Amino acid sequence: MTKFLLAVHVLAAIIAVGPVTVAASMFPPSARKALEAPDDPRARETVRLLHRICRVYAGVGIAVPVFGIATATSMGVMGDAWLIVSMALTVAAAIVLVVLVLPRQETVVEGSGDRAATVQLAMFTGVFNLLWATVTVLMIVRPGSTTGA
């Protein structure tokens, strides 16, 4: 059962977090392009699509910690420091996404944003990506790993 839970956890992370990370990173430059060419419907539609990808996959991303907790419980590592840190960083990443990234994307999609907003959005997106990269590294090289890596 542990292997199944771990496989679903990893697949959920790849399928859910990957698209959010890429789409969120593409959003600020695409938004700048749309702001520079307000009459270009294709540029506006690209921004809408990237925001929709971020919103939808953020919802799907809930499966990552759910299966992660189930896996950790099955493995008996819920109290390990690396996992606690990883869970705290996951919560921080979720907060950054829900409180700082998605609402600012929404503002740009609605036409209220400016170039300065896209620069700030790029910074928050970078923080989100850095948090997820750190969680990924912790999951791979966790202290006390039995893989010998």
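The values are calculated or read from the model by the stated rules, or taken from the named source; none is laboratory data. This structure is a prediction, so every number in the text was calculated from the model and none was measured. Here the Cβ positions follow ideal geometry from the backbone for every residue, glycine too, while neighbour counts run over all protein chains shown. Side chains are part of the model used for accessible areas, which takes the heavy atoms of the whole protein and leaves out ligands, DNA and RNA. Shrake-Rupley method; radii C 1.70, N 1.55, O 1.52, S 1.80 Å.
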Could you please find all residues in region 83-114 being in contact with a Leu (Cβ under 6 Å, 6 or more places away or on another chain), over 13 Å from A24 (Cβ atoms) and open to solvent by 30 Å² or more (accessible area, probe 1.4 Å)? L89, A92
Within region 49-82, how many residues turn out to be among the charged types (D, E, K, R) and surrounded by 15 or more Cβ atoms within 10 Å (Cβ to Cβ)? 2
Mind listing whichever residues of region 30-47 are under 13 Å from G113 (Cα atoms) and in a helix (DSSP H, G or I)? S30, A31, R32, K33, A34, L35, E36, R44, V47
For region 61-109, give me the residue count where each residue is assigned to a helix (DSSP H, G or I) and either under 18 Å from V22 (Cβ atoms) or of a type in the set (A, V, I, L, M, F, W, C) (or both). 32
